[in-house]
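Every number here is computed from the coordinates shown, using simple stated rules; none is lab data. All figures in this text were calculated on a predicted structure; none of them were measured in a lab. Using ideal geometry, Cβ is built from the backbone for each residue, glycine included, and neighbour counts are taken over all protein chains shown.
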Ligand code: ADP
Ligand code: ZN
Ligand code: ZN
């Protein structure tokens, strides 16, 4: 019987499908894309292995329609990583591959970068008598001169030469003096490498000495407060990798963080830099991806999915802000870019650095267990002093829109001393709730178990969970009263209060509403950095990464909302946020002050954080997780299900749970409704599985899930597996 070729296609297929080789005599290589029939459609699939004996007898086999790549698009290293992640996250291999590929390649476009026409000197042009030409045709001679002084001339530069350069060039081509060549144009950023590196301090030197490109696998946790010089450690290691001819892959959590990192890399590194993130046009993304795979790029900086960038000559991986939740994809293929980066470095036998001011408890546990080497950077460069954290007891204080009188007077003090002030509130809009003062009616989203956020500027109610928007009702829909009142605080409301309390103080608000327009965020940040705005007000967009050296006061307007979250990770997230925001202050000569407004000044979390800093908090939190048997002390997976009706998800999960082996050491919780049961019109439920050993949980999932897929009820819900869930 004829052998078949395993092809992964996007869809709910746990494994690759079998296809007969194409009519052509050369079967496709492993890692090449092919076009295959599926039902009545043609799909782009990926060859995942060598020809094999077909699995199912009697099954009518179909044939590959077309081979799209003659060379492997994914090499064995990358295909191996993706296959590993498909098994670990129990997600269909075709979907995993689709996540790894830029859209253009998923759609079947050729794996070729954009190209550019360039003009080159021919040997005849090299020998031509330029003086004779100068007398007869000065423009052609000038062009010939230009061609002689460079390797090749981009067509785009012709216009800059003045006059009818195109006509002159045409003549040179006719004379056989010049010829056109097509060059790949990957759109790379060329590092100038003009700026010198500072001498590293002993702590930095220790951390960077652990990052030896080409010298085997080692995970280094670079744990240092903001401004302690983590980026300098990365730069040092990247420069060494580049000098050795090895590529560095740098993963950052947010697109917003890439421009400033790129410009810093550009100034410091003599290297070609490719940028990979979702804000790029499809063509740009394809070019950057191919530049990584061809080796044209020395440094690849990208967000989450860049962990799947192909690498021709890998040497070093860096994950910045490793604690950041956005490194985990929260839908579909729920992978953690941080964890996969560690796995990839392990498979590549290359070093990996993970940097943060607030290590995740997962990474700290790995450091404790000796799997990661933990380096602390405790000094701030340029003798910048660490900020002083202080709790401001809100109880009984007079307040204006959430701003207590003592806070306002501290703000005034700093402004009077020419300091810049940053106010942080993790909630945009005017108020998180709109309530009827007569009858207590609440404006609730009719598709979610959530309230609408009131946006006064736009005069809209907006659900931040499903994105639904509706006009603000003129009267209460329940009692017809006109007395509808905003309840709670959002950045828009604080902005108004600040304008009243501190008129004439230039202020900028930075949140998702104020930065909707392209380029607005950069504009606002630049105004903040130049010191044009003295008051900065914003959400966590403000808290991340950006250098704001003039900030002397950071105020966290409301710490209480984070103290009582339903998720077991809420305290960790709050502590990280407080420390990250605090890190904006006191980077320059002046020590910063950080004020945290709270009604719970005795709360142990806040007390530990104030007196012991993040390390003390993390220590206590890890002990608590161990006692409670929660990650990272134990391994966890969630089976999530959702459907338009309330009962189907729970019933499906009950049926699935009933097929679990009874003799397993895996602990089962639920099924139970998700913390926000209804979202975007769908009811959601989950089943939680926990085990002391990762391997135990994995083995159970591998045995059990195929049967779950086969349950009749599985077709009535949308369900997925979330291994190492980051959100409950
Ligand atoms: P982080 O990434 O930890 O926030 P950075 O690497 O951005 O810290 O360093 C903060 C500032 O201190 C930068 O301006 C950087 O150039 C400077 N810096 C870092 N390390 C040194 C050093 N060893 N000597 C002098 N300046 C340094
Ligand atoms: Zn009412
Ligand atoms: Zn909603």
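Summary table below
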item: Simple spin-label estimate for residue 25 and residue 346 in nanometres, 7 Å along Cα-Cβ; result: 4.5
item: Sorted by Cβ neighbour density within 10 Å, fewest at the top, the residues 722, 69, 223, 53; result: 53, 69, 722, 223
item: Nearest-0.05 FRET efficiency for residue 630 and residue 660, computed from C-beta distance (R0 35 Å); result: 0.95
item: Relative contact order (%) - region 582-728, alpha-carbon pairs under 8 angstrom, separation at least six; result: 27
item: Within the chain, helix-based [θ] at 222 nm, where runs of 4 or more DSSP H residues each add -39,500 (n - 2.57), nearest 500; result: -9500 deg cm²/dmol
item: 10 Å-binned pair-distance histogram of region 307-366 (Cα, whole percent); result: 21, 53, 25, 1
item: Region 141-160-region 242-312 distance, computed between alpha-carbon centres (Å); result: 30
item: Residues in region 167-181 reached by a label modelled at residue 120 [backbone nitrogen below 20 Å; 7 Å Cα→Cβ]; result: 169-181
item: Evaluated at q = 0.25, 0.29 Å⁻¹: base-10 log I(q)/I(0), Debye formula over Cα of region 115-184; result: -1.17, -1.54
item: Shape of region 58-208, Cα gyration tensor, a/c cut at 1.5; result: oblate
item: Cα centroid separation - region 346-360 against region 422-477, whole Å; result: 41
item: Contour excess over end-to-end distance, with Cα ends at residue 667 and residue 727 and 0.36 nm allotted per residue; result: 19.7 nm
item: FRET efficiency estimate (nearest 0.05) - Cβ-Cβ, residue 181 to residue 134, R0 25 angstrom; result: 0.45
item: Evaluated over region 221-305, the Cα radius of gyration and Dmax, each in Å; result: 12.8, 38
item: Contact order normalised by residue count of the chain, Cα under 8 Å, 6+ apart, percent; result: 10
item: Taking 411, 307 and counting other C-beta atoms within 10 Å, the order from fewest to most; result: 411, 307
item: Histogram of C-alpha separations across region 468-600, 10 Å bin width, %; result: 10, 33, 33, 18, 5, 1
item: Residue order, fewest to most beta carbons within 10 Å, for 421, 250; result: 250, 421
item: Calculated log₁₀ intensity ratio I(q)/I(0) where the Debye formula runs over C-alpha points of region 5-107, q = 0.18, 0.19 Å⁻¹; result: -0.81, -0.91
item: Label-reachable residues, region 267-289, where backbone N falls under 15 Å from a point 7 Å from residue 194's Cα toward its Cβ; result: 267-271
item: Percent of beta bridges antiparallel (DSSP, the chain, rounded to nearest 5); result: 55
item: Centre separation in Å (Cα based) which lies between region 121-136 and region 482-547; result: 63
item: The chain: Rg to Rh, with Rh as the Kirkwood radius over Cα pairs; result: 1.01
